[in-house]
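Below you'll find the structure, written out as structure tokens, and then a few comments.
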Amino acid sequence: MRKTRLMIIAAVALGASIAGALPAVAASTSGADVQARTVTAAETMPNVVGQSLWTALDELPPLGDISTVDATGADRIALLPTIWKVCTQTPAPGTELTPDTPITLGVVKTGETCP
């Protein structure tokens, strides 16, 4: 288990600032157009296997402990979620989630085969 969603988003922001795109990102997510998403009692784990890590993180409910692990066993860190895809997930799709439910996504780089 490597990174929480916050750390991944921070890494994306850092990468965007290096590429010079941070002002555009900041401008598009500031102000009244941003809506907070709250966890409801009926949140269930979606099926995110096969999706990009970026899309998977967007679909997951805003819970506390979301981490990734290199599914190849190479112990790589998924810093840029747009270049990684999800191979495995825990808990299984359809599982009821609480704010304390840990979520782990096994990922490989896009273009690699899931083990």
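Scanning the range 89-115 for residues that are surrounded by 14 or more Cβ atoms within 10 Å (Cβ to Cβ), aliphatic (A, V, I, L, M) and not in a strand (DSSP E or B) returns a single hit, 97. Taking the range 46-104 as the range and being closer than 18 Å to residue 115 by Cα and at pLDDT below 95 as the test, no residue passes.
The set of residues from the range 50-88 being in contact (Cβ under 8 Å) with a residue 40 or more places away in the chain, surrounded by fewer than 17 Cβ atoms within 10 Å (Cβ to Cβ) and among the acidic types (Asp, Glu) comprises just one member, 65.
The values are calculated or read from the model by the stated rules, or taken from the named source; none is laboratory data. Here the structure is a predicted model, which means the values were calculated and not measured. Note: ideal-geometry Cβ built from the backbone for every residue, glycine included; neighbour counts use all protein chains shown.
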